[in-house]
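One structure below.
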Amino acid sequence: MDFGLILLAIGVSFILAVISAPLLIPLLRRLKFGQQIRGDGPQSHLKKAGTPTMGGIIIILAFTLSFLKFSVINTDFYVMLVATLGFGLVGFLDDYIKIVFKRSLGLTPQQKLIGQLLFSGIVCALLIWEGHSTAIGIPGTSFSFDFGPWFYYPFIVVMLLAISNAVNFTDGLDGLLSGVSAIALGAYAVIAMQATSLPAAVCAAAMIGAVLGFLVFNAHPAKVFMGDTGSLGIGGAIGAIAIVTKSELLFLIIGGIFVIEMLSVVIQVVSFKTRGKRVFKMAPIHHHFELSGWSEWRVVVTFWTVGLLLAGIGLYLNKGL
């Protein structure tokens with residue numbers, strides 16, 4: 001596989017993001033597409049109110065142009081394009097409703113679920129058309145299990161929903177998701193090259209460049225937030241790459257930060273509803289550390305570091321697959 005092509009995909013999407021951001025951010029500000037801040041969160045976040053959001057448009061635009069330019073067109077290409085743009089569209093509608101119609105919750109949970117199920121279903125249809133293997137490998141071993149399509153495709157739907165929402169939960173601090181997702185995507189780019197899947201490698205590369213270009217403007221203090229447009233789109237891309245490269249369960253390690261963030265929310269909700277007590281000062285867990293006295297930048301750098309270690313472990317275990 002041409003490593004130069006992968007670097008080119010990263011570079012082009014990075015440049016597109018860096019060029020488009022200064023054009024889009026003032027437009028979002030004029031349209032009053034500002035972030036609403038939770039009153040029960042860290043007090044230091046109150047000053048972020050009004051910061052332009054929906055910046056995920058920058059990521060999706062840069063990614064799409066680079067992916068279209070450098071990828072080969074086959075079924076895997078369409079799987080990743082549908083997952084990224086489809087979930088990104090659900091996120092865009094959620095952001096748009098929150099901001100324009102002043103509805104703090106955006107899409108209802110049922111509406112968001114329907115949208116995610118729709119695009120997950122299209123992904124499954126494409127995989128069935130391709131004759132995608134329904135075997136699932138166990139990380140770090142040469143073993144796999146195959147319970148057939150009646151198990152695999154519902155599993156894929158649940159996986160896409162879980163990953164996209166886990167990535168969405170991780171978006172809450174300046175630069176946190178941009179950095180963590182770039183690290184996870186870097187690991188998946190290596191896995192895709194090892195699997196000789198050019199579309200998956202280019203997809204990961206194009207998204208790496210896009211989120212790093214966005215990070216230039218999203219690092220503390222952030223000039224723009226990605227919103228659900230970006231976080232759900234990134235989640236869709238990561239999930240699709242994991243599926244195409246047959247490293248479904250490896251996400252639990254490479255995407256360990258996302259898993260931890262989602263588990264913290266689940267634990268918090270279950271504990272409060274069953275015992276009336278909170279386990280964390282605030283969920284997702286990155287807010288718990290902030291309320292415990294950590295600076296925002298310390299939380300972000302720590303999570304980036306842990307994400308890098310988990311990505312390394314995931315790549316090591318992938319040798320056994």
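The values are calculated or read from the model by the stated rules, or taken from the named source; none is laboratory data. From a predicted model like this one, the values you see are computed outputs, not experimental measurements. Heads up, the Cβs are rebuilt from the backbone with ideal geometry, glycines too, and the neighbour counts pull from every protein chain shown. Side chains included, ligands, DNA and RNA excluded: accessible areas come from the protein's heavy atoms. Shrake-Rupley method; radii C 1.70, N 1.55, O 1.52, S 1.80 Å.
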For LEU232, only one of the following conditions fails: (1) over 30 Å from PHE3 (Cα atoms); (2) modelled with pLDDT of 95 or more. What is its number?
(1)
Every residue from the stretch 86-133 that is touching a Ser or Thr at 6+ places or on another chain (Cβ under 7 Å) and among the aromatic types (Phe, Trp, Tyr):
PHE87, PHE92, TRP129
Hey, could you check the stretch 247-279 for residues that are in a loop (DSSP other than H, G, I, E, B) and closer than 23 Å to ILE138 by Cα and say which is most open to solvent (accessible area, probe 1.4 Å)?
LEU249
Of the criteria (1) among the aliphatic types (A, V, I, L, M); (2) modelled with pLDDT of 65 or more; (3) not in a helix (DSSP H, G or I), which one MET1 fails:
(2)
Restricting attention to the stretch 93-130, which residues are assigned to a loop (DSSP other than H, G, I, E, B) and either open to solvent by less than 60 Å² (accessible area, probe 1.4 Å) or aromatic (Phe, Trp, Tyr) (or both)?
PHE101, GLY106, LEU107, THR108
Which pairs have Cβ atoms under 7 Å, sit 6 or more apart or on different chains, and link a residue in the stretch 143-155 that is open to solvent by less than 80 Å² (accessible area, probe 1.4 Å) to one that is part of a helix (DSSP H, G or I)?
TYR153/CYS124
List pairs: first in the stretch 49-60 and over 11 Å from GLY227 (Cβ atoms), second modelled with pLDDT under 95 and surrounded by fewer than 24 Cβ atoms within 10 Å (Cβ to Cβ), Cβ under 8 Å, 6+ apart or cross-chain?
ALA49/GLY34; ALA49/GLN35; ALA49/GLN36; ALA49/ILE37; GLY50/GLY34; GLY50/GLN35
Filter pass, GLY276 being within 27 Å of GLY106 (Cβ to Cβ) and not β-branched (Val, Ile, Thr)
no
Is it the case that the stretch 213-232 has a residue that's in a helix (DSSP H, G or I), touching a helix residue (DSSP H, G or I) at 6+ places or on another chain (Cβ under 8 Å) and aromatic (Phe, Trp, Tyr)?
yes
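Yes or no, residue by residue, for (1) farther than 19 Å from LYS98 by Cα; (2) modelled with pLDDT under 95:
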position	(1), (2)
GLY41	no, yes
LEU46	no, yes
PRO52	no, yes
ILE57	no, no
SER66	yes, no
LYS69	yes, no
TYR78	yes, no
LEU81	yes, no
THR84	yes, no
Got at least one residue in the stretch 148-168 being out of contact with any Asp or Glu (no Cβ under 9 Å at 6 or more places or on another chain), among the small types (Gly, Ala, Ser), under 21 Å from PRO284 (Cα atoms) and in a helix (DSSP H, G or I)?
yes
Hits in the stretch 165-178 (condition: open to solvent by 10 Å² or more (accessible area, probe 1.4 Å) and not hydrophobic (A, V, I, L, M, F, W, C)):
ASN165, ASN168, ASP171, GLY172
For the stretch 193-207, how many residues are among the small types (Gly, Ala, Ser) and either open to solvent by 10 Å² or more (accessible area, probe 1.4 Å) or modelled with pLDDT under 95 (or both)?
2
For the stretch 56-87, what are the residues that are under 20 Å from LEU127 (Cα atoms) and either buried (at least 24 other Cβ atoms within 10 Å of the Cβ) or small (Gly, Ala, Ser) (or both)?
PHE67, SER71, ASP76, VAL79, MET80, ALA83, THR84, GLY86, PHE87
Suppose we filter the stretch 280-296 for residues that are open to solvent by less than 50 Å² (accessible area, probe 1.4 Å) and in a helix (DSSP H, G or I); how many remain?
6
